[in-house]
Amino acid sequence: MKPEKDIEKKINSTLNSLEGLGKAEVSPFFYSKLEVRMQDELTSSIGRFAFIGNLRMSMAVLGVVLILNFASLFLLSNSDQETTGGDSDIELFTQEYFSGTDDYEYLNSY
Amino acid sequence: MTDQELILALQQKSETAFRELVDLYQNRVYNTCLGLLQNDEEAEEAAQDVFIEIYKSIDKFRGDAKLSTWMYRIATTKSLERIRKRKTQKRFAFLQSLTGGDQDYESTSNATFDHPGVILENKEHAQALFKAIKELPESQRVAFTLHKVEGLPYQEISEVLETSVSSVESLMFRARKNLQKKLKAYYEKNLMT
């Protein structure tokens with residue numbers, strides 16, 4: 001019976017052991033350490049590749065890349081058409097200069 | 001500087017205001033984290049997390065609650081995040097210890113905590129109490145710590161936990177009952193041996 005009472009007493013003392021608890025204080029270098037961590041974390045969040053983590057920025061970059069791709073595709077297809085047109089000019093040019101000798105019969109008149 | 005002025009200055013990213021905020025609240029935030037985490041190094045890191053979070057999200061602060069209440073809420077959240085992370089690491093360490101990988105598992109999981117604010121004659125009892133608090137469910141642990149360690153009234157705890165005062169009363173009642181059970185088992189085991 002006595003141990004039961006002892007235990008009861010100990011439980012009550014334990015539950016009341018935080019009465020009048022004093023305040024713990026941070027180390028004197030708390031602010032300096034905080035400053036260092038903030039510099040690390042906040043500058044790394046604006047680091048070279050950190051924007052990849054930002055969804056909005058990623059979507060904007062993706063949009064720009066897509067626009068550039070479509071623009072270059074459009075420009076390439078246009079230049080292909082121009083090149084095709086250019087081929088016919090070359091053909092005319094070739095015909096002019098390398099055509100059969102019959103075309104130059106007049107030279108034999110000398 | 002009033003809370004309102006401080007908030008406005010913080011929203012304009014004033015360094016002086018931030019320093020004032022840290023000076024004003026660092027010990028309250030640290031004590032809350034220390035009571036929950038029961039480890040001074042981790043508590044200091046968690047307190048830093050709190051101020052970094054405040055700096056980042058001060059623009060979202062609508063002023064519905066008091067600045068101190070908002071800070072206690074962040075301190076509680078950050079501490080609980082660390083407790084959950086620690087639990088996951090412990091589980092992993094336990095699995096490693098089964099395979100003989102982590103020999104330190106036993107020594108780290110049974111570490112006792114000495115709160116620097118406890119008077120000498122209560123040290124032993126407080127150690128047992130903190131050990132029992134660690135085993136409480138999260139909400140009971142937070143309510144009990146905010147009341148007993150930080151000395152917050154039930155009204156303010158209810159604002160921090162975004163619940164009613166009667167819910168806090170119920171949490172405290174259950175926490176006390178659970179602690180009595182745990183302490184009884186602890187003393188029965190230790191007094192008999």
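Beta carbons closer than 8 Å, at least 6 apart along the sequence or on distinct chains, pair a first residue in the range B:69-83 that is closer than 12 Å to B:I54 by Cβ and in contact (Cβ under 8 Å) with a residue 24 or more places away in the chain with a second that is in a helix (DSSP H, G or I) and of a type in the set (G, A, S) for B:A75/B:A46; B:A75/B:A47; B:K78/B:A46. Mind checking whether some residue in the range B:151-174 is under 20 Å from B:Q38 (Cα atoms), within 11 Å of chain A (Cβ to nearest Cβ) and of a type in the set (A, V, I, L, M)? No, there is no match, as no residue in the range B:151-174 is under 20 Å from B:Q38 (Cα atoms), within 11 Å of chain A (Cβ to nearest Cβ) and of a type in the set (A, V, I, L, M). For residues that are facing chain B (nearest Cβ under 7 Å) and acidic (D, E), scanning just the range A:7-44, find the one that is farthest from B:V22 (Cα to Cα). The residue in question is A:E41.
Can B:V160 be described as surrounded by fewer than 18 Cβ atoms within 10 Å (Cβ to Cβ) and under 20 Å from the mean Cα position of the chain (by Cα)? Spelling it out, it is not the case that B:V160 is surrounded by fewer than 18 Cβ atoms within 10 Å (Cβ to Cβ) and under 20 Å from the mean Cα position of the chain (by Cα). Is it true that some residue in the range B:21-37 is more than 10 Å from chain A (Cβ to nearest Cβ) and assigned to a loop (DSSP other than H, G, I, E, B)? Within the range B:21-37 (the criterion being more than 10 Å from chain A (Cβ to nearest Cβ) and assigned to a loop (DSSP other than H, G, I, E, B)), the answer is no, since none of the residues qualifies.
Determine, yes or no, whether A:I52 is in a helix (DSSP H, G or I) and at pLDDT below 75. Taking the combined requirement at face value, the residue satisfies it. All of (1) within 11 Å of another protein chain (Cβ to nearest Cβ); (2) within 19 Å of B:C33 (Cα to Cα); (3) of a type outside the set (D, E, K, R) hold for B:A185 with one exception: (2).
For the range B:65-75, the condition holds for at least one residue, the condition being that it is among the charged types (D, E, K, R), modelled with pLDDT under 95, surrounded by 12 or more Cβ atoms within 10 Å (Cβ to Cβ) and not assigned by TED's automatic domain parsing to the domain that holds B:A126.
Within the range B:123-150, the only residue that satisfies the criterion of being more than 9 Å from chain A (Cβ to nearest Cβ), aliphatic (A, V, I, L, M) and in a loop (DSSP other than H, G, I, E, B) is B:L136. For the range A:1-33, a tally of residues being part of a helix (DSSP H, G or I) and under 20 Å from B:H125 (Cα atoms) returns 14. Within the range B:161-193, the residues that satisfy the criterion of being without any contact (Cβ under 8 Å) to a residue 12 or more places away in the chain and among the polar types (S, T, N, Q) are B:T163, B:S164, B:S166, B:S167, B:S170, B:Q180, B:N190, B:T193.
The values are calculated or read from the model by the stated rules, or taken from the named source; none is laboratory data. As the structure is a computational prediction, the values presented were derived from the model and not from experiment. Cβ coordinates were reconstructed from backbone atoms using ideal geometry, including for glycine residues, and neighbour counts include every protein chain displayed.
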